[in-house]
Amino acid sequence: MGPLIPQGIITGEWDFVIALLLGIAFGFILEASGFSSSRNIAGVFYGYNFVVLRVFLTAVLVAMIGLLYFDYMGWIEMDLVYVLPTYLSSMVLGSVIMGLGFVLGGFCPGTSYTAIAIGKIDAMVFTGGLFLGIFLFSEAFPWISDFYYSDNLGSVTISEVLGISNELFTFIMVVMGLVAFWGTWLIEKKVRKTIKHYKFE
Amino acid sequence: MNRNYIYLTILLLALAGGLFVLPERNNEQGTGPEELMWDIVQPTRYATTDQVARMIIEKDPTIELIDVRPTEEYESFTLPGAVNIPLDSIIIEHYQDYLGVDGMNAVFFSNDDIKADQAWVIARRMGYDNIYVMKGGLNHWVETMIRPVKPDETAPEAEFEKYNLRKGACLYFSGAKPDANAGVQKSGVVVKRKKKAAVAEGGC
């Protein structure tokens, strides 16, 4: 039956409506998870708060397991699901820049908007920088496009690269995720003893 | 530590582990018998030899001729631009690229239209659209394109138009004029005898 849009069950005219609804839902979850506070986000790097890791990894694991069960039930056709092509080197560099921005600004693009929604001034400054960055990137794109498109691996998934089944890879991810959840909780407990000024819950 | 976290951990592990113990299941939904029947009785799934010939001559880029005869027969004679997918290998992965091309009309043909029809049904069951069968196959092709028969003089004009197309197609495909192929060519060379010079008349 699914995916609904590529199969024409939901036509393209609904794209913006769906995007708006998903955006609202995403923003609500970000705010509800406390991501509007840059302390929660930057806490990952200082080891006193791993809520970002937990929330996003939970979303990833639920989506992975859910998609496989949906596929099994025949509710979604995995061949039609869009897989983003992998440009290895530019993606590695992009992740590093993203991480730096994360720890410097204390927001990721999505959370900066939720922070604006609750009236944070640093988020407004951050968003200004974000637009400046988009503008510079777009202007400079002709010069960096060669690098941008280099190391194209195509639309591959990790399980394809490793040559293992999706089920096995999902299971490994779940185990890794659970280890990360419990491990970061231990780290948090240790670190928070020394950091007095931050109160969690 | 909240006990709920332990429950959630167990739940995630159980769900992920459950993926391994799921029994095999095939989700491919083939064309059901009723749907297949309605597809088969549609006359529009046939392409006439005239339509195919016209498309080849006009170099229509959307036509894709698929010869489902065995490879030896394909190599000895086939239609221009045809690809060979023998009937017994139509489900092989390698050939699937030929079938599911958007905007292309795949036309199956064989010597008659039986094998082509079978190929059509198989391809239909495999879920392909825009597939057709050349009505009458190559036998009918030869009858119509290589040895076209002139319609009766009382035949409707459309018949004559068709005949003209076929004459042109014959010239296009075989390089021969259709009349020369009619098989009733008169044998022997017409000898023109020289008229014997008339005996000189008169004079002296």
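The values are calculated or read from the model by the stated rules, or taken from the named source; none is laboratory data. Everything numeric in this text was worked out from a predicted model, so none of it was measured. Cβ coordinates were reconstructed from backbone atoms using ideal geometry, including for glycine residues, and neighbour counts include every protein chain displayed.
Some values worked out for this structure:
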item	result
Among the candidates A:VAL92, A:VAL83, A:VAL103, residue that is free of Cβ contacts under 8 Å to residues at least 24 places away in the same chain and away from chain B (no Cβ under 14 Å)	A:VAL92
Test: residue in the range B:62-83 that is within 14 Å of chain A (Cβ to nearest Cβ) and more than 15 Å from the chain's Cα centre (by Cα)	no
Any chance A:ASP15 is without any contact (Cβ under 8 Å) to a residue 60 or more places away in the chain, more than 23 Å from B:LEU11 (Cα to Cα) and within 14 Å of chain B (Cβ to nearest Cβ)	no
Residue among B:VAL52, B:VAL21 that is more than 14 Å from chain A (Cβ to nearest Cβ) and of a type in the set (A, V, I, L, M)	B:VAL52
Exclusive hit being part of a loop (DSSP other than H, G, I, E, B) and either of a type outside the set (Phe, Trp, Tyr) or more than 23 Å from A:CYS108 (Cβ to Cβ) (or both), set A:GLY34, A:GLY23, A:GLY27	A:GLY34
Condition broken by A:GLY129, with the remaining ones in (1) within 24 Å of A:VAL92 (Cβ to Cβ); (2) out of contact with any strand residue (DSSP E or B) (no Cβ under 9 Å at 6 or more places or on another chain); (3) free of Cβ contacts under 8 Å to residues at least 24 places away in the same chain satisfied	(3)
So A:LEU67, is it within 14 Å of chain B (Cβ to nearest Cβ), closer than 29 Å to A:ARG192 by Cα and within 19 Å of the chain's Cα centre (by Cα)	no
Yes/no for A:ASP122 being touching a helix residue (DSSP H, G or I) at 6+ places or on another chain (Cβ under 8 Å), away from chain B (no Cβ under 14 Å) and under 30 Å from A:LEU30 (Cβ atoms)	yes
Of residues in the range A:133-182 being exposed (fewer than 13 other Cβ atoms within 10 Å of the Cβ), out of contact with any strand residue (DSSP E or B) (no Cβ under 9 Å at 6 or more places or on another chain) and of a type in the set (Gly, Ala, Ser), the one farthest from B:GLY18 (Cα to Cα)	A:ALA140
Residue check, A:GLU160 within 14 Å of chain B (Cβ to nearest Cβ) and modelled with pLDDT under 90	no
Filter result for the condition that a residue is buried (at least 17 other Cβ atoms within 10 Å of the Cβ), modelled with pLDDT of 85 or more and of a type in the set (Phe, Trp, Tyr), over A:PHE35, A:PHE28	A:PHE35
Where A:VAL174 falls short, out of the listed (1) of a type outside the set (S, T, N, Q); (2) at positive phi; (3) not assigned by TED's automatic domain parsing to the domain that holds A:THR111	(2)
Condition check for A:VAL62: closer than 22 Å to A:GLY177 by Cβ, at pLDDT 85 or above, under 18 Å from the mean Cα position of the chain (by Cα) and more than 14 Å from chain B (Cβ to nearest Cβ)	no
Test: residue in the range A:136-152 that is under 20 Å from B:ALA16 (Cα atoms) and either away from chain B (no Cβ under 12 Å) or among the aromatic types (Phe, Trp, Tyr) (or both)	no
